[in-house]
1. From the list 119, 142, which residue is more than 23 Å from residue 60 (Cα to Cα) and either at pLDDT below 70 or part of a helix (DSSP H, G or I) (or both)?
2. Mind checking which residues of the stretch 85-116 are assigned to a loop (DSSP other than H, G, I, E, B) and out of contact with any Phe, Trp or Tyr (no Cβ under 9 Å at 6 or more places or on another chain)?
3. Please find, within the stretch 63-117, the residue that is surrounded by the most Cβ atoms within 10 Å (Cβ to Cβ) out of those that are in contact (Cβ under 8 Å) with a residue 12 or more places away in the chain, over 17 Å from residue 22 (Cα atoms) and of a type in the set (Gly, Ala, Ser).
4. Kindly establish whether residue 29 is at pLDDT below 75, out of contact with any Pro (no Cβ under 6 Å at 6 or more places or on another chain) and surrounded by 16 or more Cβ atoms within 10 Å (Cβ to Cβ).
5. Within the stretch 63-73, can one find any residue that is at pLDDT 85 or above, farther than 23 Å from residue 121 by Cα and touching a Lys or Arg at 6+ places or on another chain (Cβ under 8 Å)?
6. Of the conditions (1) of a type in the set (A, V, I, L, M, F, W, C); (2) part of a helix (DSSP H, G or I); (3) modelled with pLDDT of 75 or more; (4) within 26 Å of residue 136 (Cβ to Cβ), residue 20 clears all except one; give me its number.
7. Among 39, 134, 122, which is the only one that is in contact (Cβ under 8 Å) with a residue 40 or more places away in the chain and on the phi < 0 side of the Ramachandran plot?
8. Just for the stretch 45-55: of the residues that are assigned to a loop (DSSP other than H, G, I, E, B) and surrounded by fewer than 17 Cβ atoms within 10 Å (Cβ to Cβ), which one is nearest to the chain's Cα centre (by Cα)?
Amino acid sequence: MASELHSRLEYLVNYSSQLIFVSGDSIAEQQRTLESFVFQQSDNTELAFITAEPDMQVTDYRGTLCKQLLGQVVGSYIRPLNELLAGLNHHDGPVLITITQAQHIPNSFLQELWDLVLQSRFANNKQHLNVLLFGESDWAEQAKEWLPAKNTSTPLLISSQSFTSDDYSSDVD
């Protein structure tokens, strides 16, 4: 159940850099999963939280992440995330970006998050950068399919519902 989901997420976050879709259709379910998982993170984990909203722009998301992860405020957030968050390359420890209601983020920002994860994965940085996207099941499936169509690597999809039912299977690749 929930502890199995947490164990799987914990393993992924500690031993790799990933973009992970966690599908769950209720906002309350997304919040519960996120809160209980984040509570278990170590003190040296850099954390950022965003609840996506339909009217947010890509620059809003970039600005929020820069403020939360680096404490930096710049004049504008028009550059891509991998440039704006370059300071994280020197962080010694895990970095965790979590977005609930992620079905509201634009595809262009989804691509930036994926690029950030891939950059971290292949740059031999000191940290593991992970992005957890909590969103509706249909959106998570579509977004997971959309990213590989535009890239060579594949993100992961975990259904929180699979850990709360009697069937303990999941879509982890």
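1. Working: 119 fails: more than 23 Å from residue 60 (Cα to Cα).
Of the residues listed, the single one that is more than 23 Å from residue 60 (Cα to Cα) and either at pLDDT below 70 or part of a helix (DSSP H, G or I) (or both) is 142.
2. 85, 91, 92, 93, 94, listed by residue number.
3. Taking the candidates together, the pick is 63.
4. Numbers: at pLDDT below 75: yes; out of contact with any Pro (no Cβ under 6 Å at 6 or more places or on another chain): yes; surrounded by 16 or more Cβ atoms within 10 Å (Cβ to Cβ): yes.
Against the criterion (at pLDDT below 75, out of contact with any Pro (no Cβ under 6 Å at 6 or more places or on another chain) and surrounded by 16 or more Cβ atoms within 10 Å (Cβ to Cβ)), residue 29 qualifies.
5. no
6. Of the numbered conditions (1) of a type in the set (A, V, I, L, M, F, W, C); (2) part of a helix (DSSP H, G or I); (3) modelled with pLDDT of 75 or more; (4) within 26 Å of residue 136 (Cβ to Cβ), the odd one out for residue 20 is (2).
7. Working: 39 fails: in contact (Cβ under 8 Å) with a residue 40 or more places away in the chain; 122 fails: in contact (Cβ under 8 Å) with a residue 40 or more places away in the chain.
From the options 39, 134, 122, the qualifying one is 134.
8. Result: 53.
The values are calculated or read from the model by the stated rules, or taken from the named source; none is laboratory data. Remember, predicted model here, so these are calculated numbers, not experimental data. Glycine also receives a Cβ, built like all others from the backbone with ideal geometry; neighbour counts cover every protein chain displayed.
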